[in-house]
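Asker: This is the structure, below, for whatever I ask next.
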Amino acid sequence: MKMYNDNPLRSISWDDFQDLPPEEKGAYFRRGKRPYHALIAQQFDRPMLERLCQTATKVRRIAKTRGGMQFLRDLLNEKRAMLYFVQPSTRTFLSFYAACQILGIQPAEVRDTSTSSEVKGESPEDTVRTFSSYFDLIIMRHPAGGFAERIAWLLSNTDRPVPVINAGSGKDQHPTQALLDIYTLQRSFENHGGIEGKQIAFVGDLARGRTVRSLATLLTLYPGVKQYFVAPESLQISDDIIAVLQKAGMEYVVTSDFSSVLPEVDAIYMTRIQDEWDTAEESRLIDTSPFHLRPEHLSILKPHAVIMHPLPRRKEIAAEIDSDPRAMYWRQVRNGMWIRAALMLTIFDRENEIDRYYDDLTA
Amino acid sequence: MKMYNDNPLRSISWDDFQDLPPEEKGAYFRRGKRPYHALIAQQFDRPMLERLCQTATKVRRIAKTRGGMQFLRDLLNEKRAMLYFVQPSTRTFLSFYAACQILGIQPAEVRDTSTSSEVKGESPEDTVRTFSSYFDLIIMRHPAGGFAERIAWLLSNTDRPVPVINAGSGKDQHPTQALLDIYTLQRSFENHGGIEGKQIAFVGDLARGRTVRSLATLLTLYPGVKQYFVAPESLQISDDIIAVLQKAGMEYVVTSDFSSVLPEVDAIYMTRIQDEWDTAEESRLIDTSPFHLRPEHLSILKPHAVIMHPLPRRKEIAAEIDSDPRAMYWRQVRNGMWIRAALMLTIFDRENEIDRYYDDLTA
Amino acid sequence: MKMYNDNPLRSISWDDFQDLPPEEKGAYFRRGKRPYHALIAQQFDRPMLERLCQTATKVRRIAKTRGGMQFLRDLLNEKRAMLYFVQPSTRTFLSFYAACQILGIQPAEVRDTSTSSEVKGESPEDTVRTFSSYFDLIIMRHPAGGFAERIAWLLSNTDRPVPVINAGSGKDQHPTQALLDIYTLQRSFENHGGIEGKQIAFVGDLARGRTVRSLATLLTLYPGVKQYFVAPESLQISDDIIAVLQKAGMEYVVTSDFSSVLPEVDAIYMTRIQDEWDTAEESRLIDTSPFHLRPEHLSILKPHAVIMHPLPRRKEIAAEIDSDPRAMYWRQVRNGMWIRAALMLTIFDRENEIDRYYDDLTA
């Protein structure tokens, strides 16, 4: 098989590609060492993550001044992005939208399939190919697992390939959420020895949250990390993730005893009950109140522990906790914008322009 | 109580703030002498109004040339604004949208709560705080009276406050409509001695139009203005506004005799029946036709009188009147764009850049 | 009758204008020799089409570099456009949206009348006039035939006329689709003697596709073109188009024999069944499969013939045909963006800036 280094998705048929395990797919999403498509959490290796976090931090610091913002706005001002979101999402949508605006990428959106040609009997592939014709980047959220991969493969095999970013597909993948979580951990532990060797607890609905699944997987790239999965039995982390951790030789604990875990960990990742996946209101039968973080817990938490949450939250975290300096979830929201900006810069191979400006700034 | 001059909403609890009368709230919406939040009509004093009108006129004149437009587009091009409109509104929405574009502010919008995280059980406060995380300014329309104030208070008490503009809340406040009305009067009377001492008639549904309530209140800042409230009894201006006028020592007339008022006034402010607030189709029982402005009225109107209407109109003003030089309602629409641009420049403290460019232009 | 050369729609009453035949309306949509409004296919003469195609090609070539894109983005960056689309359309909408972005025109959109003031009893004319107040160009799609013309006439008779582009109205007109089709033919035959003298087949639902009607009409401007109309009897081209061809002295063939036409033609224009216009599911009774283009047809098609389709497609063209070099429909999509950019440049009289930059580029 011939490998097209500049466009590896041309080297493989769709059927063969689909049969690959996730950890082998990443090679097909790259151009050289850079990510070109961003489709699954498993495609990112440790050097890529380090580089993305570094770029995000530079962008964030450059953005603090009016002159810096104006520099950023010229960086990709010849590009246009299509945000194709056919599933409800305002949070992720706006995060990408703002990241585009920061870099001068002009965004356009398709959010409601009822206004699209799909009603005229067009195939979903034709629909996205048509929309992509006008743009330089597709950012898409779609209910069908694997659909973003399908589009990336399809466009790669036309004479006008454009990069595709998966902004959430089906129950499984939400890779830029995983990137923002890694970036939040990296920033939080920047002056405390980094992510390696830290103890991190996931709490809540671990069975159905793609966020937790992706982050737990990415954390296997950080030696010495110990993961705690704290949930009622019926919402515990699934066996395939445990298998990933075991294969990577990572330490982990599966438990339903929240209060014993609290004093141990450097980070608590809270999640809400994902009852939109319920088939028969089964979530109502589960008492999740023992898995809520309450003000009285703050005193037993380590002084430098961080509290994260992908949001939206319900009652998992009391509002009074927002003002605790360890509450990171609002900062986490903004981190999403910065890491997404970094990702787009990387896809278009412009990080070096950031490096130069930043070096001048700090020289 | 310590007063945070740079962020006075930090100095007061939400409960205490809510108990303040409107005329005392203004001090909490300022940074120094500038408006920082724009939430209620009562927060604007006379010098602020004069300055806003002056800035609006400069922006409008600068915008007449390609070079001027390009200057304007760089003025706030490092800012992003979120237009959070969860109530139907295209007119006000587009006016703000265009005003942002004129100044280079990059807009993003949330208009349909069904796409937002509110469906996932998030509190409205969390929702807006999340969205605000990505932006430098929130422009919001919300059905709940006081919600914009709540958000301004809440964001002021985080480590990332951003200004909030109320684009209409509940039945009560629509402060930028009041600003555009003042600006239209100011422009109309620019060469006729200004607003002071003029006679101004409000006609139509005065009971339920927040527009009239706000403008009548602001006009108490202009000595000598005499206000006429012309409406069928059941739609007359409410007592609280009359009390405001009395307290300010303003002249006023409450009447249902439209034709006797017509020859007296310098401005007629027509309004439509706001039957969206009906609870039992009560508007159908009222004959409003005696309160319509008809072509035959034009001859008894003063030669320099101006005809205003916040739009949309139904039959209150016959279409033939549009071509009369005294018809100001289409110009009023554009004035809304200019005064909103002026307001955003003021909030971000950039009027001085306008002044400098304008001085060079007219030197 | 006095003719306002700078605004001819001021010279005529709405009633008189409506009575004009299409070929006489064009004079009213011009400013000098340029199109000012773009409302019907018949308004374009041959020199205008040549000039538009030339400008589109220059824009397309300039857009190939980052510097070129940045030049383009400054060309109309003092303008704002309103995309008023009250009929479902994503394809045409995004094409205009992207074309605006390429030229630096800032777009705003109104797509859903339920959010507009029409619900408050406003007339459609008032609604569009209000929206137009904030913008420099109206691009509109509306279900009512002639509504775009009505708005162009109306705005021309105010003191703030702005150009109007028809992006599809009723069953009849979609002039920019016709422009992109002409541009695709012009590009395809650029090195094969141009459009004149070519044989072009229209296939499918010719009775109800406004696309075919417009293009067939425009092709009368190209001497020697022979047109084939290939369709089941009940979906054949209507008599009024045949009359246009006869009057212009063009050759044409009306047939239902697809396979005999295939080897003859230089271009095949495929269309889908427009069953959204069905009144009683009558399309279901027609067997259209004999009018599908199949892979086995490729061998009997001329080596330089081009295959076009306005998209969306259903089964008229098998997906395997996409990779044939004669398949032009995906390129056709992008051509729509380029020709719309050229049209807007022409409306605003900026083609000469394109010419200068292009001359420098190729000098």
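What follows draws every value from the coordinates through simple rules; no lab data is involved. Since the model is a prediction, treat every value here as computed from it, not as a measurement. All Cβ positions, glycine included, derive from the backbone under ideal geometry; neighbour counts span all protein chains shown.
Asker: Under a plain spin-label model, where a point goes 7 Å from the Cα along Cα-to-Cβ, how far apart in nm are C:Ala363 and A:Trp14?
Answerer: Label at C:Ala363, label at A:Trp14, 5.0 nm between them.
Asker: Arranged by the count of other C-beta atoms within 10 angstrom, fewest first, what order do C:Cys53, C:Cys100 take?
Answerer: Lowest to highest Cβ neighbour count: C:Cys53, C:Cys100.
Asker: Relative to the longest principal axis of the C-alpha atoms of chain A, give the angle of the C-alpha long axis of helix A:175-188, reported between 0 and 90° and rounded to the nearest 10°.
Answerer: Its long axis makes an angle of about 50 degrees.
Asker: At R0 = 30 Å, how high is the FRET efficiency between A:Ala248 and A:His304 if r is their beta carbon distance? Nearest 0.05 is fine.
Answerer: So the FRET efficiency works out to roughly 0.70.
Asker: Pairs of Cα atoms under 8 Å, at least six residues apart: use those to get the relative contact order of chain A, whole percent.
Answerer: The normalised contact order for chain A reaches 18 percent.
Asker: Starting from 0 in steps of 5 Å, tell me what percent of the Cα-Cα pairs of region C:168-315 lands in each bin.
Answerer: 2, 9, 20, 24, 22, 14, 6, 2, 0, 0
Asker: May I pose another question? For C:Gln199, enumerate residues with amide H under 5 Å from its amide H, sequence gap 5+ or separate chain, H modeled in the peptide plane.
Answerer: Under 5 Å from the amide H of C:Gln199 lie the amide H atoms of C:Lys226, C:Asp266, C:Ala267, each far enough along the sequence or on another chain.
Asker: Per q in 0.09, 0.15 1/Å, what log10 I(q)/I(0) does a Debye calculation on the alpha-carbon atoms of chain B return?
Answerer: Log-scaled intensity ratios, in q order: -0.51, -1.39.
Asker: Based on Cβ point charges of +1 for Lys and Arg and -1 for Asp and Glu, what charge dipole magnitude is obtained for chain C about its Cα centre, in debye rounded to the nearest 20?
Answerer: The calculation lands at about 1160 debye.
Asker: Also: Return the calculated 222 nm mean residue ellipticity for chain A, to the nearest 500 deg cm²/dmol, obtained by summing -39500 (n - 2.57) across DSSP H runs with n ≥ 4 and dividing by the residue count.
Answerer: For chain A, the value works out to -11000 deg cm²/dmol.
Asker: Another one. I'd like the Karplus ³J(HN,Hα) series for region C:36-50: coefficients 6.51, -1.76, 1.60, θ = phi - 60°, whole numbers in Hz, and an x wherever there's a Gly or Pro.
Answerer: Result, rounded to whole Hz: 10, 9, 10, 10, 9, 4, 5, 6, 8, 9, 4, x, 4, 5, 4.
Asker: Whole Å is fine, so just give me how far the alpha carbon centre of region A:323-353 lies from that of region B:295-363.
Answerer: Cα centres, region A:323-353 to region B:295-363: 43 Å.
Asker: So, in nm, how far is label A:Ala27 from label C:Asn157 when the simple model puts each one 7 Å beyond its Cα toward the Cβ?
Answerer: My value for the distance between the label points is 7.2 nm.
Asker: Would you please give the residues with an amide H less than 5 Å from that of A:Gln106, counting only those at least 5 places away or on a separate chain, with H modeled from the backbone geometry?
Answerer: Long-range HN contacts for A:Gln106: A:Lys79, A:Arg80, A:Ala81.
Asker: On average, how much area does the Cα convex hull of region C:1-133 cover when viewed from any direction, in nm²?
Answerer: Spelled out: convex hull of the Cα atoms, projected over all directions, averaged, 10.4 nm².
Asker: Could you work out how far apart the two model spin labels at C:Asn191 and B:Asn7 are, taking each label as a point 7 Å from the Cα in the direction of the beta carbon, and quote it in nm?
Answerer: 6.4 nm
Asker: Ok, one more. Per-residue mean of other chain beta-carbon atoms within 10 angstrom of the beta-carbon, peptide A:153-161?
Answerer: If you average over the peptide's residues, the count of other-chain Cβ atoms is 1.
Asker: Something else about it: What are the nm distances, shortest first, from C:His192 to its equivalents in the other copies, labels at 7 Å along Cα→Cβ?
Answerer: 6.9, 6.9
Asker: Also, I was wondering about something else. Send over the semi-axes of region B:247-346's equivalent ellipsoid, whole angstrom and largest first, taken as the square roots of 5 times the C-alpha gyration tensor eigenvalues.
Answerer: Rounded to whole Å, the semi-axes are 23, 20, 17.
Asker: With contacts defined as alpha carbon pairs under 8 Å and 6 or more residues apart, what's the relative contact order of region C:175-332 in percent?
Answerer: Result for region C:175-332 is 24 percent.
Asker: Still on this structure, I have one more. In region A:175-334, what % of DSSP beta bridges are antiparallel (nearest 5)?
Answerer: Rounded to the nearest five, the antiparallel share is 0 percent.
Asker: Now for a separate question. Defining the label point at 7 Å along Cα→Cβ, can you sort the distances from A:Asp349 to the same site in each other copy, shortest first, in nm?
Answerer: Label-point distances to the other copies, shortest first: 4.3, 4.3 nm.
Asker: Here's something else I'd like to know. If r is the Cβ-Cβ distance from A:Asp257 to A:Asp322 and R0 is 22 Å, what FRET efficiency results, to the nearest 0.05?
Answerer: After rounding, the FRET efficiency stands at 0.30.
Asker: Any idea what the C:Arg30 label distances to the other copies are, label 7 Å down the Cα→Cβ vector, nm, shortest first?
Answerer: Copy-to-copy label distances at C:Arg30, shortest first: 6.0, 6.0 nm.
Asker: Given the peptides B:82-90, A:61-69, C:56-64, arrange them by the average over their residues of other C-beta atoms within 10 Å, most packed first.
Answerer: B:82-90, C:56-64, A:61-69
Asker: Let me ask another. Taking the Cα centre of region A:175-334 as origin, sum charge times position over the Cβ atoms of Lys and Arg (+1) and Asp and Glu (-1), and report the length of that vector in debye to the nearest 20.
Answerer: Charge dipole, region A:175-334, about its Cα centre: 520 debye, nearest 20.
Asker: Among A:Gln246, A:Gly224, A:Phe189, flag the residue with its Cα farthest along the positive direction of the charge dipole of region A:175-334, charges on Cβ as +1 for Lys/Arg and -1 for Asp/Glu.
Answerer: After comparing all options, I get A:Phe189.
Asker: Quick one: the Cα spread of region C:77-203 along its three principal axes, in angstroms, biggest first?
Answerer: Extents along the principal axes: 55, 34, 28 Å.
Asker: Next up: Loop only by DSSP, 13 or fewer other Cβ within 10 Å of the Cβ. Give me the GluC sites (Glu not before Pro) in region B:158-252 that pass, ordered by residue number.
Answerer: Qualifying residues, ordered by number: B:Glu190, B:Glu196.
Asker: Please list, short to long, the whole-number percent of alpha-carbon pairs of the protein assembly as shown in consecutive 10 angstrom bins beginning at zero.
Answerer: All Cα pairs, binned at 10 Å, distribute as 2, 10, 17, 21, 20, 16, 10, 4, 1, 0 percent.
Asker: B:Leu293's amide H: which non-local residues (gap 5+, or another chain) put their own amide H closer than 5 Å, with H modeled 1.01 Å from N in plane and none for Pro or chain starts?
Answerer: B:Ile317, B:Ala318
Asker: Turning to a different aspect of this structure: Please tell me which of these pairs span more than 20 angstrom C-alpha to C-alpha: C:Lys226/C:Lys247; B:Lys198/B:Lys302; A:Lys226/A:Lys302; A:Lys171/A:Lys198?
Answerer: Violating the 20 Å Cα-Cα cut-off are A:Lys171/A:Lys198.
Asker: Quick one: order A:Met250, B:Met270 by neighbouring beta-carbon count within 10 Å, fewest to most.
Answerer: Ranked by crowding around the Cβ, least crowded first: A:Met250, B:Met270.
Asker: Can you put C:Glu296, B:Glu149, A:Glu23 in order of Cβ neighbours within 10 angstrom, beginning with the fewest?
Answerer: Going from sparsest to densest Cβ surroundings: C:Glu296, A:Glu23, B:Glu149.
Asker: Can you give the mean number of other chain Cβ atoms that lie within 10 Å of the Cβ atoms in peptide A:83-94?
Answerer: Mean partner shielding for this stretch: 4.
Asker: Roughly how many whole Å is it from the C-alpha centroid of region A:140-154 to that of region C:33-93?
Answerer: 32 Å
Asker: Does anyone have the angle between helix B:351-362 and the longest principal axis of chain B? Alpha-carbon axes, 0 to 90°, nearest 10?
Answerer: Taking the Cα atoms of chain B, the angle to B:351-362 is about 60 degrees.
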